[in-house]
1. Just to be sure I understand, how many residues within the range 6-60 are among the small types (Gly, Ala, Ser) and at pLDDT below 85?
2. Six or more apart or on different chains, Cβ under 9 Å: which pairs go from a residue in the range 25-41 that's free of Cβ contacts under 8 Å to residues at least 12 places away in the same chain to one that's aliphatic (A, V, I, L, M) and surrounded by 13 or more Cβ atoms within 10 Å (Cβ to Cβ)? Could you list them?
3. Filter the range 6-26 for residues that are assigned to a loop (DSSP other than H, G, I, E, B) and surrounded by fewer than 14 Cβ atoms within 10 Å (Cβ to Cβ) and give the result.
4. Scan the range 27-69 residue by residue and report those that are assigned to a helix (DSSP H, G or I) and surrounded by fewer than 16 Cβ atoms within 10 Å (Cβ to Cβ).
5. In the list Thr54, Thr27, which residue meets the criterion of being closer than 17 Å to Glu7 by Cβ and of a type in the set (Ser, Thr, Tyr)?
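The values are calculated or read from the model by the stated rules, or taken from the named source; none is laboratory data. All values reported here derive from a predicted model rather than from experimental measurement. Heads up, the Cβs are rebuilt from the backbone with ideal geometry, glycines too, and the neighbour counts pull from every protein chain shown.
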Amino acid sequence: MEIRAREVNERLWRVLNRTTLAKQPPTVSIATLNNRPILEIKDDKSSRPIRLVTVTEPDADFNGKTLDELAQEWQKIVQDEVVRFRELAAPEAIMQRVQRKDKVTLSTVYFNNSLVAFSLQISRPLSLS
């Protein structure tokens, strides 16, 4: 199982890397290979889909579903995550996060400086003139 998980993970990273370059989000579809459903991902950067994972009997048994039910469930999950990743990796989204982080950093620096100034004022000895 560990080898299978590593292979699926490697394929997912390959797809996600290509996702950022593709014009359209990749499409996750269900195909059949050796009478078993497989999830494959197609994008506009490649003429051939990437086979992501084969849905096996042990997978279906473990999840208490038929092969087809589990394939459809996994298809939706992977498709939703590919779209979400594409949105998060978009240059505009990254720029927004950087700008938000910069605002928070500037606010923190300003607040810290204000606290330092305040602490300096209250730590001065009072003159009784």
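1. Narrowing the range 6-60 to residues among the small types (Gly, Ala, Ser): 22, 29, 31, 46-47, 60.
Filter once more, keeping what is at pLDDT below 85: 22, 46-47.
Counting residues in the range 6-60 that are among the small types (Gly, Ala, Ser) and at pLDDT below 85 gives 3.
2. Here the result reads Thr32/Ile38, each pair linking the range 25-41 to a residue that is aliphatic (A, V, I, L, M) and surrounded by 13 or more Cβ atoms within 10 Å (Cβ to Cβ).
3. First, pick out the residues of the range 6-26 that are assigned to a loop (DSSP other than H, G, I, E, B): 20-26.
Hits for the range 6-26 are Thr20, Leu21, Lys23, Gln24.
4. At the first step, the residues of the range 27-69 found to be assigned to a helix (DSSP H, G or I) are 57-63, 67-69.
Result: Glu57, Pro58, Asp61, Phe62, Asn63, Asp68, Glu69.
5. Numbers: Thr27 fails: closer than 17 Å to Glu7 by Cβ.
Sole residue among the options that is closer than 17 Å to Glu7 by Cβ and of a type in the set (Ser, Thr, Tyr): Thr54.
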